[in-house]
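Peer 1: Structure below; questions to follow.
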Amino acid sequence: MAVIAKSVAAAECAYVASWIGLGIGDTGEPVQFGGAPDRSVHVFGNFSGVASIVIQGSNDGLNWFTLTNPLGGDLIFTADGGKAITELTRHVRPVVSGGDGSTDLDVVLCMGTAK
């Protein structure tokens, strides 16, 4: 279990945060972009050992909840995929549960702003 550092870059009216190499029990370092109303997440990698990754949000950085997609489904991934994020929270982070020694997941979060 570790807290995995984020990498953040600006890219044409958007910010991109990524967490590379998440494994069993890892939590991504939270990222803040409260002024970016359009958000999507892309998760990919090795989900071995029945790993799942949850995308969480918080407004105080202490109390976390599972974010949802525009159809109301929880942002919990058990395979490669991408979804839009409905809630506009101050903090966002990924959290891995399950898995085994081969679990190796990457998360890319894109947060856009109007031009």
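Peer 1: Suppose we filter Val108, Val95 for residues that are of a type in the set (A, V, I, L, M), out of contact with any Asp or Glu (no Cβ under 8 Å at 6 or more places or on another chain), surrounded by 13 or more Cβ atoms within 10 Å (Cβ to Cβ) and under 17 Å from Thr27 (Cα atoms); which single one remains?
Peer 2: None of the other options fit; the residue is Val108.
Peer 1: Further question on the same structure: If I ask for residues that are assigned to a loop (DSSP other than H, G, I, E, B) and under 19 Å from His91 (Cβ atoms), which ones from the range 41-66 would you list?
Peer 2: Asn59, Asp60, Gly61, Leu62, Asn63, Trp64
Peer 1: Check Glu12 against each of (1) modelled with pLDDT of 90 or more; (2) assigned to a loop (DSSP other than H, G, I, E, B); (3) of a type in the set (D, E, K, R) and name the one condition it does not meet.
Peer 2: Tallying (1) modelled with pLDDT of 90 or more; (2) assigned to a loop (DSSP other than H, G, I, E, B); (3) of a type in the set (D, E, K, R), Glu12 fails exactly one: (1).
Peer 1: Within the bounds of the range 60-76, is there any residue that is in contact with a Pro (Cβ under 6 Å, 6 or more places away or on another chain), at pLDDT 95 or above, surrounded by 15 or more Cβ atoms within 10 Å (Cβ to Cβ) and not hydroxyl-bearing (Ser, Thr, Tyr)?
Peer 2: no
Peer 1: Is it true that some residue in the range 19-40 is in a strand (DSSP E or B), free of Cβ contacts under 8 Å to residues at least 60 places away in the same chain, more than 18 Å from Met111 (Cα to Cα) and in contact with a strand residue (DSSP E or B) (Cβ under 7 Å, 6 or more places away or on another chain)?
Peer 2: Within the range 19-40, none of the residues are in a strand (DSSP E or B), free of Cβ contacts under 8 Å to residues at least 60 places away in the same chain, more than 18 Å from Met111 (Cα to Cα) and in contact with a strand residue (DSSP E or B) (Cβ under 7 Å, 6 or more places away or on another chain).
Peer 1: Does Ile53 satisfy being among the aliphatic types (A, V, I, L, M), buried (at least 18 other Cβ atoms within 10 Å of the Cβ) and at pLDDT below 95?
Peer 2: Taking the combined requirement at face value, the residue does not satisfy it.
Peer 1: Six or more apart or on different chains, Cβ atoms under 9 Å: show the pairs whose first residue is in the range 81-106 and free of Cβ contacts under 8 Å to residues at least 24 places away in the same chain and more than 12 Å from Asn46 (Cα to Cα) and whose second is assigned to a strand (DSSP E or B) and basic (Lys, Arg).
Peer 2: Note: pairs meeting the criteria are Thr86/Arg39.
Peer 1: Conditions: (1) among the hydrophobic types (A, V, I, L, M, F, W, C); (2) buried (at least 17 other Cβ atoms within 10 Å of the Cβ); (3) modelled with pLDDT of 95 or more; (4) within 12 Å of the chain's Cα centre (by Cα). Phe44 meets all but one. Number of the miss?
Peer 2: In the conditions (1) among the hydrophobic types (A, V, I, L, M, F, W, C); (2) buried (at least 17 other Cβ atoms within 10 Å of the Cβ); (3) modelled with pLDDT of 95 or more; (4) within 12 Å of the chain's Cα centre (by Cα), Phe44 misses (2) alone.
The values are calculated or read from the model by the stated rules, or taken from the named source; none is laboratory data. Every value quoted in this text rests on a predicted model; they were computed, and no experiment measured them. No Cβ is skipped: glycine too gets one built from the backbone with ideal geometry, and neighbour counts run over all protein chains shown.
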